[in-house]
Amino acid sequence: MTFNYIYPFYLKKITYLILLFFIYIYSFSQIISYELIESWTLEDVQDIYDSNSFPENTGQINFEVDGYKILYLTPNHNGNLVLCSGAIYLPKATTCPTPVLSWQHGTAVKDSAAPSNMKSNNKRIGVIGASHGYIVTMSDFIGLGEGIGFHNYVHADTEASSIIDLIIFGKDFAYDKGVMPSEQLFLMGYSQGGHATMAAVKEIQENDSLNIQVTGSVPMAGPYSMSEAQTDMLNNAIEYPNPGYLPYVLFGYHNIYNLFSNINDVLIEPYSQYLFSMYSGEYNMTEINETLPVNPIDIFQPQYYEDFLTTENHPFKLALIDNDVYNFIPESPMRLIHCNGDDNVTYENSIIAFNYFINGGSTDVELWDGGNFDHSTCAFFAIIGAKIWIDSLSEICEPYISDISNLHKPSKQLIYTSDILGRKTNEFAHLKINIYNDGSVEKEYILD
């Protein structure tokens, strides 16, 4: 059986010929099209808070929100422009320069789960962020949503370029819609989004020609050490919660690095016959997992796996090394958030990255341990904690009020204290965050 990367994707809504047409017609602009998908009133945003039990310190509800699906061009791994989709959430009626918040989503396989479709948890992050006063950008990444081709799963270079392009294009788009972007730029992401966030921060820092700077970033629970920490986790696992992740990496990297000539040399039957087609965008990860053994190593040909373990320059191993994303020294504030009980992305990823940064001279990087929670449970509090920290650095517009005389402004009072992940606490902690009734926050460090 030869390995064909074309046939599973003929059902994509936008064909390559249409893409070429758009490139010809719209060569002056990298945004191909946009569509207003949904709008939210202040009451709608409050309903999102109430129905999801978001704590008050997640952020103030200041603005109504418009959510747009964006189609734009970004370079693929070979430098050729491809169509990529994403989402932009804009606060309405802002009166001053507005910071940009770039959210990077976790692992997705099904096209309908991409942020641009606004049917997933990504939508809540976009609405809450924009309502507080951010321009929120979310790339689907290449190959997801309405994008062309196979998704380059955890491929650092194209994660970074698809994120950065949407940030740059998104600032122009916001300006055209009457929202003035400021120079502040924040990035945060969870799981694959943590890996993508780190890749984007690295690229922005190393590429002066982009003319943007990172104000602060929060990579969360990401596989920053693909070649060591994450590989060791899979090699030593008896059971793995999402066995579909490993073939996703294999197929994504083969699409870029041409790792093998025949899939039968890599995977045993029946996986060599059907598995690739399940990553066409029609199935979700749960459906893929149900077809696999609990240990993903068991789908590999024994000889291929043995060669991977024993050959220093094995193609798959070199591809993993090429996508380690911790090998730089952050020059902007960064907070790594990870729970030590993570069962999908080992906590060792964050330890390796943090130690590399500190040993290299980073002065404003911290690693926050969210506790002994698994990958899914950790996400809720990690994301809230990231938002709270970003809020402490951001310069948010005050909402416009037509009759200021009717605005009641109570004296500033402490409402409650939370830990670094937004959880209310009255217990002793080395770092506590005080939340006040005027929306302000302050960090309190306690030294032994």
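The set of residues from segment 80-134 being part of a loop (DSSP other than H, G, I, E, B), modelled with pLDDT of 95 or more, within 28 Å of F150 (Cα to Cα) and small (G, A, S) comprises G106, A108, A114. Taken over segment 300-326, residues that are in contact with a His (Cβ under 9 Å, 6 or more places away or on another chain) and surrounded by 18 or more Cβ atoms within 10 Å (Cβ to Cβ) amount to 5.
Every residue, every condition in (1) surrounded by fewer than 21 Cβ atoms within 10 Å (Cβ to Cβ); (2) under 17 Å from A229 (Cβ atoms); (3) in contact (Cβ under 8 Å) with a residue 60 or more places away in the chain, yes or no:
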site: P333; (1), (2), (3): yes, no, yes
site: D342; (1), (2), (3): no, yes, yes
site: N349; (1), (2), (3): no, yes, yes
site: Y356; (1), (2), (3): yes, yes, no
site: E366; (1), (2), (3): yes, no, no
site: N372; (1), (2), (3): yes, no, no
site: K387; (1), (2), (3): no, no, yes
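Entry remark, segment 217-241: residues being surrounded by 20 or more Cβ atoms within 10 Å (Cβ to Cβ) and either in contact with a Ser or Thr (Cβ under 7 Å, 6 or more places away or on another chain) or not in a helix (DSSP H, G or I) (or both) number 13 in total. Taking the conditions exactly as written (outside any strand (DSSP E or B) and more than 21 Å from P91 (Cβ to Cβ)), does G170 satisfy them or not? Taking the combined requirement at face value, the residue does not satisfy it.
The condition of being surrounded by 15 or more Cβ atoms within 10 Å (Cβ to Cβ), β-branched (V, I, T) and in the same structural domain as A386 (by TED's automatic domain parsing) holds for V214.
Name every residue in segment 43-68 that is without any contact (Cβ under 8 Å) to a residue 60 or more places away in the chain and either outside the structural domain of E146 (by TED's automatic domain parsing) or touching a Ser or Thr at 6+ places or on another chain (Cβ under 6 Å) (or both), in order of residue number. If the condition is that a residue be without any contact (Cβ under 8 Å) to a residue 60 or more places away in the chain and either outside the structural domain of E146 (by TED's automatic domain parsing) or touching a Ser or Thr at 6+ places or on another chain (Cβ under 6 Å) (or both), then no residue fits. For I329, the criteria (1) crowded, with 19+ Cβ neighbours inside 10 Å; (2) touching a helix residue (DSSP H, G or I) at 6+ places or on another chain (Cβ under 8 Å) hold in every case but one, which is (1). Flag set for Y326, criterion: of a type in the set (F, W, Y), under 22 Å from the mean Cα position of the chain (by Cα) and modelled with pLDDT of 95 or more.
The values are calculated or read from the model by the stated rules, or taken from the named source; none is laboratory data. Predicted, not measured: the structure shown is a model, and the values here were computed from it. Neighbour counts run over all protein chains shown; Cβ positions are idealised from the backbone, glycine included.
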